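The values are calculated or read from the model by the stated rules, or taken from the named source; none is laboratory data. The shown structure was predicted, so the numbers you read here are calculated from the model rather than taken from an experiment. Every residue, glycine among them, receives a Cβ derived from its backbone with ideal geometry; neighbour counts consider all protein chains shown. Quick note on the areas: whole protein, heavy atoms, side chains included, nothing else; ligands and nucleic acids left out. Shrake-Rupley method; radii C 1.70, N 1.55, O 1.52, S 1.80 Å.
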There are 2 protein chains.
Amino acid sequence: MADFSQQLAQRASTINLNAGPSPLPDAALLTAAASLLSYPQTPGMGIAEISHRSAAFDQVVLDANKDLRTLLEIPDNYRVLWMQGGGLTQFAATVLNLAAWYRIKHQLAPQDDVEGWYAVTGSWSKKAAEEGARMSISARKVFDGKKHGAAGKFTGIASVDQWDVPQLEENARKPAFVYFCDNETVDGIEFGGPGSAAAFPFEAFDPEVPIVADMSSNFLSRPVDVSKYGIIYAGAQKNLGPSGVTLVIVREDLIVDLDAAVQYGGARVPAMLSYKNMADSNSMYNTPPTFAIYVCSLVLRSLLVSPPLPLPSPTARPLAPLSDFADQKSSLVYAEIDASSGFYVGTADAATRSRMNVTFRLPNGGEELEKKFVKEASEKGIKGVNGHRSVGGIRTSIYNAVTLEHVKTLVAFMRDFQERNQ
Amino acid sequence: MADFSQQLAQRASTINLNAGPSPLPDAALLTAAASLLSYPQTPGMGIAEISHRSAAFDQVVLDANKDLRTLLEIPDNYRVLWMQGGGLTQFAATVLNLAAWYRIKHQLAPQDDVEGWYAVTGSWSKKAAEEGARMSISARKVFDGKKHGAAGKFTGIASVDQWDVPQLEENARKPAFVYFCDNETVDGIEFGGPGSAAAFPFEAFDPEVPIVADMSSNFLSRPVDVSKYGIIYAGAQKNLGPSGVTLVIVREDLIVDLDAAVQYGGARVPAMLSYKNMADSNSMYNTPPTFAIYVCSLVLRSLLVSPPLPLPSPTARPLAPLSDFADQKSSLVYAEIDASSGFYVGTADAATRSRMNVTFRLPNGGEELEKKFVKEASEKGIKGVNGHRSVGGIRTSIYNAVTLEHVKTLVAFMRDFQERNQ
């Protein structure tokens with residue numbers, strides 16, 4: 001292994017709280033760095049320099065799929081696809097694939113409308129609904145967080161009895177899908193995990209309607225009951241790997257030949273957005289982003305082999321340690337906010353605040369004080385804590401590669417900063 | 001810098017002739033490996049772990065664009081876009097964007113047809129024409145290499161007087177574009193460079209019609225007169241960088257708001273495929289594949305600062321050394337084939353054989369002998385010489401990162417193999 005002592009020393013004194021792209025585990029990066037020059041299975045050729053159709057790269061994808069299936073307990077009737085284009089591409093791809101599935105299933109006439117229902121809980125689900133509408137479906141908001149929050153801001157998620165879910169008549173046409181974003185990276189708002197009171201209200205929707213979830217920013221941070229979903233997707237660049245690859249987990253019966261939907265009014269969809277093309281080719285419909293997938297495979301393996309906390313019990317679900325870890329870390333920051341007597345004020349309702357992206361303001365000092373916070377944090381080696389450019393404030397993103405020590409250092413800085421500035 | 005002596009020794013004894021993903025320069029990979037752990041402009045955070053909207057990454061893209069513009073002499077009225085999805089995505093994106101441009105320009109009625117003309121010279125342009133047809137344009141083949149070649153195979157490019165270019169009446173509607181693939185990676189067929197008799201016949205087409213070129217596999221291998229093109233694109237994974245990023249160079253006046261074309265019959269196009277969205281956001285409409293772009297920036301810089309051959313004259317075009325280099329290397333292999341008395345037989349016509357992908361067969365021994373060739377080459381450290389799975393045979397891909405010494409070793413092996421097996 002190469003000697004990266006200087007780089008590792010720099011890493012050891014840096015706390016990377018970037019919202020995405022985000023920190024990755026040291027060990028995975030060390031292995032990836034060496035493999036860039038020479039991949040052990042293809043000595044003399046780096047992992048980014050071999051054919052995606054070689055036996056060596058095939059094995060990378062096989063291993064990554066296997067580890068992902070183990071970690072997320074993915075049922076056999078779901079396919080794992082590695083795609084390009086990020087969440088924004090999936091905003092269109094989910095709609096185009098599911099509209100085709102729906103048109104074929106119901107043998108629609110070309111002029112027939114297709115509805116998609118969106119729970120809009122933050123900036124990303126809002127964008128998803130807009131892109132859905134651009135793709136010629138009727139995008140209906142069954143919840144609008146901007147109306148729920150004060151001052152037209154996204155602050156949380158109402159309980160489902162306050163949502164605007166249409167009650168369908170006996171023979172009424174159902175929506176083609178219900179869409180939600182599991183964790184809103186910009187706004188720091190997250191649905192609860194399985195069993196929690198703040199979990200996504202699956203029970204409010206017809207079980208025949210596929211549920212689509214964008215899990216880009218909380219993927220692999222807790223167990224998921226995959227069988228409740230039609231499609232789950234996640235851009236890699238938070239908990240999983242470098243940017244440039246997107247995981248799509250899709251139930252097999254929803255995968256259709258898009259061209260077969262054209263006679264029922266389906267759109268002409270670029271071949272690269274077809275789940276069927278990706279599934280039939282094992283994600284190699286063309287050259288995939290091989291290096292990015294390889295790094296994801298290393299991260300998946302590390303989560304499986306050396307989770308940050310031990311399994312709470314021998315029968316615990318594989319992602320339980322990561323859930324405990326996320327709870328532990330985010331609780332420390334929220335506790336500091338809640339104990340600050342208003343010096344720090346969280347932007348999200350307590351019940352649905354994110355374990356990944358802790359967003360808060362410093363209301364006493366306004367933007368000037370927030371700028372000072374960001375600057376002094378950076379001087380202490382705590383990087384990337386400015387809020388998203390669209391909302392301002394502070395955002396500390398605590399993904400899987402952020403350690404408990406990092407968070408303790410952050411909290412100590414917050415306390416010290418408050419003492420000096422209140 | 002890290003000590004990668006073992007990996008570098010392995011690289012030194014390996015000749016990587018993969019068709020794509022393909023070898024990258026050692027120096028670029030060494031820098032990239034160290035930057036994965038800690039990028040010098042953001043110490044303690046790797047290049048894949050920082051925000052794409054950070055000043056540090058912004059500079060990466062600025063530098064890459066500047067170096068690319070210098071190398072390719074890109075005029076000011078062209079935009080450089082970094083996109084995802086590879087050539088296959090561009091098969092659709094070029095058509096969708098240009099059809100929108102054309103519909104707006106001619107204020108078409110929704111039922112009006114749009115034509116795209118394709119010069120089909122090999123497997124990739126054939127696929128491009130098929131995808132164009134899927135995107136609801138009339139894809140017309142102005143040349144079909146399968147009819148030109150013997151036994152229905154792609155073997156070369158006829159001179160333009162043998163093409164099927166429609167002579168348009170005075171007021172006839174023109175095609176929205178003319179499409180060609182500059183180098184056919186699978187079939188080893190390439191158009192000539194500027195001024196060559198085998199150059200793409202621009203003069204055969206109305207100068208108002210944008211010319212679209214897929215340069216995925218010969219990008220940065222010779223000077224290009226960019227002003228002759230409407231769109232040039234290239235997947236990075238041959239001469240430029242890792243897979244997962246695609247360069248698109250597009251003339252500004254062809255960039256339109258796709259939604260504005262809907263009233264003229266334009267399709268609803270996913271936002272991520274819109275050249276306007278990418279141009280308006282400096283390729284950051286969402287999170288781009290940051291690491292892949294960074295490696296491309298290193299390769300571009302190395303081509304500019306330390307080209308493989310000196311500039312032939314002080315006034316020579318910046319890519320002239322790479323053109324000379326490609327000529328020098330491929331000539332050695334073709335000379336060996338031509339001198340083999342039929343032991344090796346090139347699959348492409350001499351006038352349009354590729355400087356990047358040298359494809360040949362061993363007719364005396366059939367597939368068995370070809371397998372033996374691949375196996376023995378591999379044992380000598382010469383990797384990746386099997387032909388594409390769709391056509392078989394041998395393919396030695398000689399991209400920019402392959403050295404003259406590598407090619408001399410390949411040729412010596414070919415000669416030795418012939419002596420032992422003829």
Task: Check on A:Phe180, out of contact with any Ser or Thr (no Cβ under 9 Å at 6 or more places or on another chain) and either free of Cβ contacts under 8 Å to residues at least 40 places away in the same chain or within 22 Å of A:Gly132 (Cα to Cα) (or both) - done: no
- [ ] Please state which one of B:Ser313, B:Ser302 is modelled with pLDDT under 95 and hydroxyl-bearing (Ser, Thr, Tyr).
- [x] B:Ser313
- [ ] Quick one: which residue in A:Gly241, A:Gly230, A:Gly192 is within 11 Å of chain B (Cβ to nearest Cβ) and within 22 Å of the chain's Cα centre (by Cα)?
- [x] A:Gly241
TODO: Please report, ordered by residue number, the helices (runs of 4 or more DSSP H) entirely within the stretch B:59-149 with at least 3 residues that are of a type in the set (D, E, K, R) and not assigned by TED's automatic domain parsing to the domain that holds B:Val269.
DONE: none
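To keep it simple, each residue is scored yes or no on (1) over 20 Å from the mean Cα position of the chain (by Cα); (2) at pLDDT below 95; (3) in the same structural domain as A:Met284 (by TED's automatic domain parsing); (4) in a helix (DSSP H, G or I).
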site	(1), (2), (3), (4)
A:Asp3	yes, yes, no, no
A:Gln6	yes, yes, no, yes
A:Arg11	yes, no, no, yes
A:Asn18	no, no, no, no
A:Pro21	no, no, no, no
A:Ala33	yes, no, no, yes
A:Ala48	yes, no, no, yes
Task: Residue list for the stretch A:313-366, restricted to those being touching a Pro at 6+ places or on another chain (Cβ under 9 Å) and charged (D, E, K, R) - done: A:Arg317, A:Asp324
- [ ] Output yes when any residue across the stretch B:153-169 is open to solvent by less than 40 Å² (accessible area, probe 1.4 Å), in contact with a Gly (Cβ under 9 Å, 6 or more places away or on another chain), within 21 Å of B:Tyr233 (Cα to Cα) and aromatic (Phe, Trp, Tyr), and no when none is.
- [x] no
TODO: State which residue is nearest to B:Arg222 (Cα to Cα) when the search covers only the stretch B:334-386 and only residues that are open to solvent by 10 Å² or more (accessible area, probe 1.4 Å) and in contact with a helix residue (DSSP H, G or I) (Cβ under 6 Å, 6 or more places away or on another chain).
DONE: B:Arg355
Open item on the list: Suppose we keep only residues that are hydrophobic (A, V, I, L, M, F, W, C) and within 14 Å of another protein chain (Cβ to nearest Cβ) within the stretch B:80-90. Which one would you say is nearest to the chain's Cα centre (by Cα)?
Closed with: B:Leu88
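The rows are residues; the columns are (1) within 11 Å of chain A (Cβ to nearest Cβ); (2) touching a strand residue (DSSP E or B) at 6+ places or on another chain (Cβ under 6 Å); (3) more than 22 Å from B:Ser354 (Cβ to Cβ); (4) not aliphatic (A, V, I, L, M).
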{"residue": "B:Asn97", "(1), (2), (3), (4)": "no, no, yes, yes"}
{"residue": "B:Trp101", "(1), (2), (3), (4)": "no, no, yes, yes"}
{"residue": "B:Val120", "(1), (2), (3), (4)": "no, yes, no, no"}
{"residue": "B:Ser123", "(1), (2), (3), (4)": "no, no, no, yes"}
Task: Members of the stretch A:390-401 found to be part of a loop (DSSP other than H, G, I, E, B), within 11 Å of chain B (Cβ to nearest Cβ) and open to solvent by less than 10 Å² (accessible area, probe 1.4 Å), listed by number - done: A:Tyr399
Open item on the list: Exactly one of these conditions fails for B:Ser323: (1) touching a residue at least 60 places away in the same chain (Cβ under 8 Å); (2) away from chain A (no Cβ under 14 Å); (3) more than 25 Å from the chain's Cα centre (by Cα). Give me its number.
Closed with: (3)
Task: In the stretch B:339-389, residue farthest from the other protein chains (Cβ to nearest Cβ) [restricted to those that are assigned to a loop (DSSP other than H, G, I, E, B) and among the hydroxyl-bearing types (Ser, Thr, Tyr)] - done: B:Ser341
Task: Scan of the stretch B:15-45 for residues that are within 7 Å of another protein chain (Cβ to nearest Cβ), open to solvent by 10 Å² or more (accessible area, probe 1.4 Å) and within 21 Å of A:Val402 (Cβ to Cβ), ordered by number - done: B:Pro43, B:Met45
- [ ] Confirm whether A:Ala93 is touching a residue at least 24 places away in the same chain (Cβ under 8 Å), facing chain B (nearest Cβ under 8 Å) and farther than 21 Å from B:Ala28 by Cα.
- [x] yes
Open item on the list: Being at pLDDT 95 or above and open to solvent by 30 Å² or more (accessible area, probe 1.4 Å) is the filter here; which residues of the stretch B:403-422 pass it?
Closed with: B:Thr403, B:Leu404, B:Glu405, B:His406, B:Lys408, B:Thr409, B:Ala412, B:Arg415, B:Asp416, B:Glu419, B:Arg420, B:Asn421
Task: Hits in the stretch A:103-115 - residues which are open to solvent by less than 10 Å² (accessible area, probe 1.4 Å) and within 14 Å of another protein chain (Cβ to nearest Cβ) - done: A:Val114
- [ ] Can you tell me which residue within the stretch A:129-153, out of those that are touching a strand residue (DSSP E or B) at 6+ places or on another chain (Cβ under 6 Å) and in contact (Cβ under 8 Å) with a residue 40 or more places away in the chain, is nearest to A:Tyr264 (Cα to Cα)?
- [x] A:Ile137
Open item on the list: Here are the criteria: (1) more than 9 Å from every other protein chain (Cβ to nearest Cβ); (2) touching a helix residue (DSSP H, G or I) at 6+ places or on another chain (Cβ under 6 Å); (3) open to solvent by less than 30 Å² (accessible area, probe 1.4 Å). Tell me which single one B:Asn77 does not satisfy.
Closed with: (3)
TODO: Tell me, yes or no, whether the stretch A:46-68 has at least one residue that is surrounded by fewer than 23 Cβ atoms within 10 Å (Cβ to Cβ), at the interface with chain B (Cβ under 7 Å from one of its Cβ atoms) and touching a Phe, Trp or Tyr at 6+ places or on another chain (Cβ under 6 Å).
DONE: no
TODO: Take the stretch A:372-422 and flag every residue that is in contact (Cβ under 8 Å) with a residue 24 or more places away in the chain and β-branched (Val, Ile, Thr).
DONE: A:Ile382, A:Val385, A:Val391, A:Ile394, A:Thr396, A:Ile398, A:Val402, A:Thr403, A:Val407, A:Thr409, A:Val411
Task: Hits in the stretch B:180-198 - residues which are surrounded by fewer than 21 Cβ atoms within 10 Å (Cβ to Cβ) and not in a loop (DSSP other than H, G, I, E, B) - done: B:Gly192
Open item on the list: Just the residues that are more than 15 Å from A:Tyr344 (Cβ to Cβ), touching a helix residue (DSSP H, G or I) at 6+ places or on another chain (Cβ under 9 Å) and not hydrophobic (A, V, I, L, M, F, W, C), please, taken from the stretch A:387-422.
Closed with: A:His388, A:Ser390, A:Tyr399, A:Asn400, A:Thr403, A:His406, A:Lys408
Task: Leading residue by the ranking (nearest to A:Tyr399 (Cα to Cα)) among those in the stretch A:199-208 that are open to solvent by less than 20 Å² (accessible area, probe 1.4 Å) and over 17 Å from the mean Cα position of the chain (by Cα) - done: A:Pro201
